[in-house]
Amino acid sequence: MIDLRLLRDNPDVVRASQQARGDDPALVDAALDADARRRSSLTDYETLRAEQKALGKQVAQASGDEKAELLTRTKHLAEQVKARQSDAAQAEREVDGLLYRIPNVVDGAPAGGEEDFEVLRHEGTIRDFAAEGFAPRDHLELGEGLRAIDMARGAKVSGARFYFLTGIGARLELALLNAAMDQAVAAGFTPMITPTLVKPDTMRGTGFLGSHADEVYHLEKDDQYLVGTSEVALAGYHADEIIDLSDGPRRYAGWSACYRREAGSHGKDVRGIIRVHQFHKVEMFSYCPPEEAAAEHQRLLAWEEAMLAKVELPYRVIDTAAGDLGTSAARKFDCEAWLPTQERFLELTSTSNCTTFQARRLAVRERTADGTTRPVATLNGTLGTTRWIVAILENHQQADSSVRVPEGLRPYLGGLEVLEPVA
RNA sequence: GGAGACGUCGCAUAGUCUGGUCUAGUGCGCCACCCUGCUAAGGUGGUAACGGGGCAACCCGUUCGCGGGUUCAAAUCCCGCCGUCUCCGCCA
């Protein structure tokens, strides 16, 4: 939720943000209008309610005729109070409804849609397979050769976009995620294994039930949602709390399964494990004072890049355009690894600065030096996912269909240097 | 799944039966000041969040797990839900 005061004091900033995202700026004026109506109906209600309470005290002390007379007055007043209260509640629902539809205010992201990102830099060297004298195989062919990925049985058991990681495939994922966890712990993060089913309030609070609600699995019988990332549970972790950030940001590293419906991505990335309904992820999550959020965002990006360096992948860093930001994000940087067989970049990490947007919805606050409270900023970023296996297999493959293990992962695979195809 | 008990201000508790004097008391913790060679002890005062109004001091409202209801009036009565604990049953 955006700051109502920002909306009142600087509606132009919010209008401009809506424009940059390609969303409707008229929402801003509708919300302002509803807010004005809410405040006036609230004042009406509160005045009457104060009168009712004062009369109630007289009733308690009075007796006989005096009491009877007061009761008739107060009965009449009670009806009015009830009516004004429901007016005020109605007005409040309208404001909330409108406010919930306004995504976070964009901060620094390029305007435009999915294709309007800005490339910040390239890291690593892309291999020239032609010069090496062989055509690269794609991750599924390699994965099947290694007996690491089994799509057919995934489909048999669960349907399209499900898979088994088998043998070295399962070990590779564990190695990657353990390496990510270890790096996070070394950097001072608190490791967390989080719930993957959450209540509607938690899911709504993180902003995932907005325009992309179709992406989220919902269990109707229990009215619970399957999370698409542990960010959801980690953001909810301190909901309704006042936390102490005087010693700096609170950083958590969440390990969880992630579930995505992949609605609207029919025919896209259908082969292999690039786009699947369920995968695992290690996610960084940070609660920090709002004025430190931009610097913290850079730190999260640096930690992501440290992981990418460990697995020795060439990648580029992009500044996502406003229209491609999630509801909660004010700015987002993605790291995309080179995918040799598709000759394109594939998103491996994504770090978002949600400023105070999620914290305001989830009521996560801190106490400042002057004793007041205020919403904190929340940020998140990827440290490793199942999808990384795609880029690792393709970029480190060798002419004989074996795959070189990047040095950063060897300690997690008992020193294994090469993954050999199974005959 | 069955039976019962409980959910009150940071923590612990009183208040609920018998609705109004609850503007939610008390203890602990915390903060400020006082006292005292230092420390401990003692004294005085202050100690929730959110919203609305005001330059401000301050005023008003909401919140006693959550949501409904009864009533002129609800922490208190009624209904539903959630959570915690105890016992029993069942299952990994």
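Along the charge dipole of region A:4-100, Cβ charges K/R +1 and D/E -1, which of A:ALA30, A:LEU98, A:ALA54 sits furthest on the positive end?
Toward the positive end, the furthest listed residue is A:ALA54.
Considering the alpha-carbon set of region A:82-240 alone, what are its Rg and its Dmax in angstrom?
For region A:82-240, the Cα-based Rg and Dmax read 22.8, 82 Å.
Across the Cα atoms of chain A, what radius of gyration and what greatest pairwise Cα-Cα distance (Dmax) are found, in Å?
Using the Cα atoms of chain A, the pair Rg, Dmax is 26.8, 106 Å.
Compute the acute angle (0 to 90°) between the alpha-carbon long axis of helix A:11-21 and the principal axis of greatest extent of the alpha-carbon atoms of chain A; round to the nearest 10°.
30
If Lys and Arg each add +1 and Asp and Glu each add -1, what is the summed charge of the other residues whose beta carbon sits under 11 Å from the beta carbon of A:THR194?
Neighbourhood net charge equals -1.
Report, to one decimal in Å, the Kirkwood hydrodynamic radius for region A:255-375 based on all distinct Cα pairs.
Hydrodynamic radius (Kirkwood, Cα pairs) of region A:255-375 is 16.6 Å.
Would you pull out the residues with amide H under 5 Å of A:ILE149's amide H, same chain only if 5 or more places away, H placed 1.01 Å from N?
For A:ILE149, whose amide H was placed from the backbone, the distant partners under 5 Å are A:GLU144, A:THR166.
If the elastic network links every pair of Cα atoms under 10 Å, which of A:SER401, A:SER286, A:SER265 fluctuates the most in the Gaussian network model of chain A?
Of A:SER401, A:SER286, A:SER265, the most mobile in the Gaussian network model is A:SER265.
Provide the per residue accessible area, probe 1.4 Å, for chain A, rounded to a whole number of square angstrom.
For chain A, the solvent-accessible area averages 47 Å² per residue.
Using +1 on the beta carbon of Lys and Arg, -1 on that of Asp and Glu, and nothing else charged, what's the dipole of chain A about the Cα centre, debye to 20?
1100
Only sites in a loop by DSSP and with at most 12 other Cβ atoms within 10 Å count here; which GluC sites (Glu not before Pro) in region A:316-408 make the cut?
Those that pass, being in a loop and sparsely packed, are A:GLU343.
Dipole of region A:230-359, Cα-centred, from +1 at each Lys and Arg C-beta and -1 at each Asp and Glu C-beta, to the nearest 20 debye?
The dipole of region A:230-359 has a size of about 560 debye.
At a Förster distance of 45 Å, what's the computed FRET efficiency of A:ASP44 paired with A:ALA257, Cβ-Cβ distance as r, to 0.05?
Values: r = 50 Å, r/R0 = 1.12.
Efficiency, rounded to the nearest 0.05: 0.35.
Carbon and sulfur together cover what percent of the accessible area of chain A at a 1.4 Å probe radius?
Of the solvent-accessible surface of chain A, carbon and sulfur hold 49 percent.
So if the hydrodynamic radius of region A:4-100 is defined as the Kirkwood radius over C-alpha pairs, what does Stokes-Einstein give as its diffusion coefficient at 25 °C and 0.890 mPa s, in µm² per second?
My calculation gives 155 µm²/s for D.
Using DSSP to define loop residues, name the GluC sites (Glu not before Pro) in region A:134-191 whose beta-carbon has at most 16 other beta-carbon atoms within 10 Å. Display every interim value, and only then the final one.
Values: sites: A:GLU141, A:GLU144, A:GLU173; in loops: none.
Filter output for region A:134-191: empty list.
Under 10 Å, Cα contacts only: if you run a Gaussian network model on chain A, which one of A:ARG204, A:ARG271, A:ARG49 comes out with the highest mean-square fluctuation?
A:ARG49
Percent of Cα-Cα pairs per 5 Å bin, from 0 to the last occupied bin, for region A:105-148, please list those.
5, 14, 11, 12, 13, 14, 12, 11, 8, 2
Taking the Cβ of A:GLN278 as the centre, find all other residues whose Cβ is under 10 Å away and add up their charges (Lys, Arg: +1; Asp, Glu: -1).
So the surrounding residues net to +2.
I want the local charge near A:PRO136. Using Cβ-Cβ distances under 11 Å, sum +1 for each Lys or Arg and -1 for each Asp or Glu among the other residues.
Surrounding charge for A:PRO136 is -4.
Considering only protein heavy atoms, with the full assembly of protein chains and a 1.4 angstrom probe, order A:ARG299, A:ARG5 by accessible area, largest first.
On the way: A:ARG299 90, A:ARG5 155 Å².
Descending accessible area places them as A:ARG5, A:ARG299.
Rounded to the nearest 10 degrees, what's the angle between the helix A:64-100 long axis and the longest principal axis of chain A, both from Cα atoms, 0 to 90?
30
If you build a Gaussian network model of chain A, linking Cα atoms that sit under 10 Å apart, which residue out of A:GLY159, A:GLY236, A:GLY113 swings the most?
Of A:GLY159, A:GLY236, A:GLY113, the most mobile in the Gaussian network model is A:GLY159.
Where the centroid of each part is defined by its Cα atoms, how far is region A:317-352 from region A:90-121 in Å?
17
What FRET efficiency comes out for A:GLN298 versus A:ARG73 if R0 is 60 angstrom and r is the Cβ-Cβ distance? Round to the nearest 0.05.
E between A:GLN298 and A:ARG73, to the nearest 0.05, is 0.40.
Please give me, ordered by residue number, the GluC sites (Glu not before Pro) of region A:180-249 that lie in loop per DSSP and have at most 16 other Cβ atoms within 10 Å.
Filter output for region A:180-249: A:GLU220.
Could you work out how far helix A:293-310 tilts from the main Cα principal axis of chain A, as a 0 to 90 degree angle to the nearest 10?
20
The values are calculated or read from the model by the stated rules, or taken from the named source; none is laboratory data. Keep in mind the model is a prediction, meaning the values are calculated, not measured. FYI the Cβ positions are ideal-geometry reconstructions off the backbone, even for glycines, and counts take in every protein chain you see. The accessibility values were calculated without ligands, DNA or RNA, using every heavy atom of the protein model including side chains. Shrake-Rupley method; radii C 1.70, N 1.55, O 1.52, S 1.80 Å.
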